[in-house]
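A short write-up of the structure that comes next.
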Amino acid sequence: MVAWVACKLRASARQVSIICTKTIVDSICLGEWLLDPRLLNVRLDICIRGTKKSLVHHGRYENECGFIVLTKPLSNVNHPIPVRLGYTQSRVFFPPCHIYPETTTARPGFVEPSAGKPVVSATGERVVIIGSDGEGKLDYVGNYALIIASPWLLAPGNALVTVCTRGPFWGQSRYFNEKSLCRSYAESVDWMGKMIM
């Protein structure tokens, strides 16, 4: 779970910026962001990193994009989980410490990494909330949301999203830093016999 030391929302007539400072332990680098049970049964678009240093799969999949769907809670970050990689969606197993949330619009076979832009600047892009909002609340983790246009000028790396998962937060709009969002391309996928949207 992402641990934020401080998150606050500053508003002025012209700009809204979200200031986020993390603790020394970066939960994304350690794979701990995937331990949150609220992320079960949602599609999370991911990128593989850090495999060249640890020689996982001999670094062959470094910077490859793909997606995961967690079907049961993870007990630790060292146990490999299945990842569908690339355009062909090959199934490869990686420990969560090598699985990072995708924060760009790059998509294998469709949008080249060089043409991808930050997901927070892509109005209409679907994301999953994986961290705290601009006020430091973790209530929205695990919900699908859409990036929407903000009436305020936002600092780089921030976005206004509207929750689109049915439930108590449906239709609510909140500001998030890109570190609290993971792209989730909206298409049905068969994940081990279960259809996930």
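The values are calculated or read from the model by the stated rules, or taken from the named source; none is laboratory data. Values in this document were obtained by computation on a predicted structure and should not be read as measured data. With ideal geometry, Cβ positions are generated from the backbone for all residues, glycine too; neighbour counts draw on all protein chains shown.
Things to note:
- Pairs with Cβ under 8 Å, 6+ apart, first in the stretch 176-197 and in a loop (DSSP other than H, G, I, E, B), second modelled with pLDDT of 65 or more and of a type in the set (Asp, Glu): Ser184/Asp45; Tyr185/Asp45; Met197/Glu187
- Cys182 passes every criterion in (1) of a type outside the set (D, E, K, R); (2) surrounded by fewer than 17 Cβ atoms within 10 Å (Cβ to Cβ); (3) at pLDDT 95 or above apart from (2).
- Test set (1) crowded, with 18+ Cβ neighbours inside 10 Å; (2) out of contact with any Lys or Arg (no Cβ under 8 Å at 6 or more places or on another chain); (3) among the small types (Gly, Ala, Ser); (4) on the phi > 0 side of the Ramachandran plot - Ser132 fails condition number: (4)
- Number of positions in the stretch 105-158 that are in a strand (DSSP E or B) and modelled with pLDDT of 90 or more: 13
- Hey, Lys52 more than 22 Å from Leu146 (Cβ to Cβ), in a helix (DSSP H, G or I) and free of Cβ contacts under 8 Å to residues at least 60 places away in the same chain or not: yes
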